[in-house]
Structures are given as C-alpha cells and as structure tokens.
Amino acid sequence: MADDPKPPTPPEAAADKPPAQTPGEPLKAEPSRTDSGSAGKSAAPSAPKAAATPAPKPAAPAAKQTAAQAEHVPKAAAPAGPPDPPPPADKPAPAFIASLSAAIPGAVAHVSYWVGDWTIVVPVAQLPAVARHLRDAADARFDFCSDVTATDWPPRGDGRFDVVYCLYSTRLRHRVRVKVKVGEQQPIPSVTDVWPAANWLEREVYDMFGVNFTGHPDRRRILMPEDWQGFPQRKDYPLEGPGELLMENPIDWLKLRQARDEADIE
C-alpha cells in the first residue's frame, strides 16, 4: 500500500519565525524607530501657534478721596423738626377740625396729613380748651386718650419738644393726633382732668424727657428712680449713663448711691 500523503501543515506562527537579519522597512508616514534624530517626534510637523493677544487692561479705578478731602466734606445738618406735610388739595379735612377752628379762634396753628392720619398743631396756651372741645363736641367725641409721647428736637428754636396726644373716639371710630410745641422749661398744662388715662402717660413723658407738666395730680418719675440724674430719652443725654453728668466715672456715682442706700438700711 502506498504511503498516504501528509496533510498540509498550518502556516508557521510569526513567533516561530527566526528573527530577521535586517531591520524591517518603516511604514510609510511613520518615522523609523532606529532614527535617533526623530525618535519620539510626530511625523507631521505641527503648525506654528498664533501669538496670544493680550487681554485689555481694566480701566483704572477712580481715585479715592484722601483723608484731608474727606474732612472737608460738609455733613448733613440735623433736622430741626418733623416736616408735618399739609393734606393734599383733594383731601378735605374732617368736620371736627373745621368746627374746632370756628369754636376756638387760633386753636389750630397747622393741619397735617400723613399716611392716613390727621394731626393738628395747637398752641400750648390753647391746649386745655382744645382738649375739652375734642372730648365734648358732637362731631368729635374723642373720649379716649390712647397715648401721650414726645420727640426731642434740640436745634429747633421755637420749642424743643413735640408733645403728642393720640386720641380716639369709641363712638365715631376716628382718630386724631394733637401736637404741642414746648420749650425745655416751658410749662404745659396737664390734660388728666379731661382724660384720666393721661395720668401715667404724662408721668412717663416727664420721666424720659423732663417736660414740665403743670396741674398734674401726681407728677413724679414712673420708670426711673426718683434720684436719677437727667432724662434718658433726650438727645443730649450722655451715652455712658447719668454719672457722666456730675462725675467723670459713672461707677463713682453708683458707689455713692449704694453707700447712701446702705446707710438708710442701717
């Protein structure tokens, strides 16, 4: 029997091939690895980069004022009082203001209207008569004094304080503010005989501002001790307390008061 022919052998693996004796030809567009001058460099030369355009510089800030210039800047003057704007032309005053002016000539020095509230400025000498009229008149009926307060305007020459009475009518359900300008020592008559609720309210205004109420049944301090120095809600009241009025150190004033209290206890 004749010998069977041998099956064809598979092609030899590349690893089984003997190493080539000569270096292989480099691929096209690929630098030769044996070329030391071009090793690690790209075959295609890179395009030259365009020069970066410098960003525009921001505008120089405005020169700051020097300390000398700041010292010469004029300061706004302190207001001498509230503006008390008059009512608009299309806003008629309530009937009780007109009847008050007719009943007591010279009783209404000014009428103001602001954010829905009416204010009448009254001379201090007319305050008692105005108070009784506003309580008793049929178109007013202000039977409740809800508050008495004050504001301090030291620069004003025609009366340092504004004493403000806030009135309400429980029958007619309307409000009004009565404002009186008084000086630092000028007497102002009490309205406690018209509205008893004003008793403690006037005491508080006296205690905080030193307003000189006359005819008050019990005018004495209500928040501060009787021997307290000064009036705390005045704008010229010392920030460090009452001792600054008489002594350089407020602690000395407090020690003196404590020593006197201890002597009274003993």
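Observations, loosely collected:
- Close amide-amide hydrogen proximity is noted between W118 and R177, each under 5 Å apart and 5 or more residues distant or on a separate chain (H modeled in the peptide plane; Pro and chain starts excluded).
- Radius 14 Å from Cβ of W153, net charge of other residues (Lys, Arg +1; Asp, Glu -1): 0
- Placing a label point 7 Å from the Cα of K91 along the Cα-to-Cβ direction, the residues of the stretch 158-187 with a backbone N closer than 20 Å are 164-169, 173-180.
- Distant-in-sequence amide H partners of N212 (H built 1.01 Å from N, under 5 Å): I188
- Under 12 Å, Cβ to Cβ, from W114 - net charge with Lys/Arg +1 and Asp/Glu -1: +1
- Computed lengthening from D218 to E240, 0.36 nm per intervening residue step minus Cα-Cα distance: 4.9 nm
- Overall form of the stretch 149-228 per C-alpha gyration tensor (a/c, 1.5; a/b vs b/c): oblate
- Gyration tensor (alpha-carbon) shape descriptor, the stretch 80-223, a/c threshold 1.5: oblate
Every number here is computed from the coordinates shown, using simple stated rules; none is lab data. Quantities reported herein were computed from a predicted structural model and do not represent experimental measurements. FYI the Cβ positions are ideal-geometry reconstructions off the backbone, even for glycines, and counts take in every protein chain you see.
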